[in-house]
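The block underneath contains the structure these notes are about, expressed in structure tokens.
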Amino acid sequence: MSNATYMREAVQLAEQGMRSGLGGPFGCVVVRRGKIVGRGSNRVTSTNDPTAHAEVVAIRDACTALQTFQLTDCELYTSCEPCPMCLSAIYWARVPQVYYGFPKFITVIPAPTPPRSASTTILSTNKCRSRPRRAP
């Protein structure tokens, strides 16, 4: 199987999760030696668990299937660039290769009328490009 095949599976999981009302539009697979060993879609809203992002769900699934917390010989494919929490989970699971479909670019825009705090900003996330990319 190719990188594109695994990325398509991650995107399909994202679509299935959205259609079934599980959570946001995010999907992820963990691959070991050419076989998918973990799958996940965002389940934040359906489980009321703010940590149930697709990457975390897929890592949990893979760790359960492989009976280890170390995924040192695995690759992770996710439909969108991982957030800081997911990157931490990827780091602690020791996943050496990460591919993501939609990078996030964050633009910091000063708030139009800042409240008492002068350092208030608004973060705007823009998505673009759908080809797999290797995380730095």
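The values are calculated or read from the model by the stated rules, or taken from the named source; none is laboratory data. All figures in this text were calculated on a predicted structure; none of them were measured in a lab. So basically every Cβ, Gly included, is an ideal-geometry build from the backbone, and we count neighbours across all protein chains shown. Ligands, DNA and RNA are excluded from the accessible area calculation, which covers all protein heavy atoms including side chains. Shrake-Rupley method; radii C 1.70, N 1.55, O 1.52, S 1.80 Å.
For G17, the test of being surrounded by 16 or more Cβ atoms within 10 Å (Cβ to Cβ) and part of a helix (DSSP H, G or I) is passed. Residues in the range 20-35 that are of a type outside the set (G, A, S) and assigned to a loop (DSSP other than H, G, I, E, B): L22, P25, F26, R33.
Here P25 passes the criteria (1) closer than 20 Å to N3 by Cβ; (2) open to solvent by 10 Å² or more (accessible area, probe 1.4 Å) except the one numbered (1).
Considering the range 78-99, and only residues there that are within 12 Å of V29 (Cβ to Cβ) and touching a Lys or Arg at 6+ places or on another chain (Cβ under 9 Å), the residue that is least open to solvent (accessible area, probe 1.4 Å) turns out to be V98. Restricting attention to the range 82-99, the residues being outside any helix (DSSP H, G or I), within 15 Å of Q70 (Cβ to Cβ) and touching a Pro at 6+ places or on another chain (Cβ under 7 Å) number 0. For G38, the criteria (1) of a type outside the set (S, T, Y); (2) open to solvent by less than 20 Å² (accessible area, probe 1.4 Å); (3) in a helix (DSSP H, G or I) hold in every case but one, which is (3). With respect to A54, is the statement that it is within 10 Å of the chain's Cα centre (by Cα) and farther than 16 Å from R94 by Cβ true? Yes, satisfied.
For the range 1-40, which positions are in contact with a Pro (Cβ under 9 Å, 6 or more places away or on another chain) and among the polar types (S, T, N, Q)? Once the filter is applied, which keeps residues that are in contact with a Pro (Cβ under 9 Å, 6 or more places away or on another chain) and among the polar types (S, T, N, Q), the range 1-40 yields only N3. All of R131, R116 fail the test of being open to solvent by 30 Å² or more (accessible area, probe 1.4 Å), part of a loop (DSSP other than H, G, I, E, B), modelled with pLDDT under 90 and in contact with a helix residue (DSSP H, G or I) (Cβ under 9 Å, 6 or more places away or on another chain), apart from R131.
Of the residues screened, R32 is one that is more than 11 Å from the chain's Cα centre (by Cα) and closer than 17 Å to A93 by Cβ.
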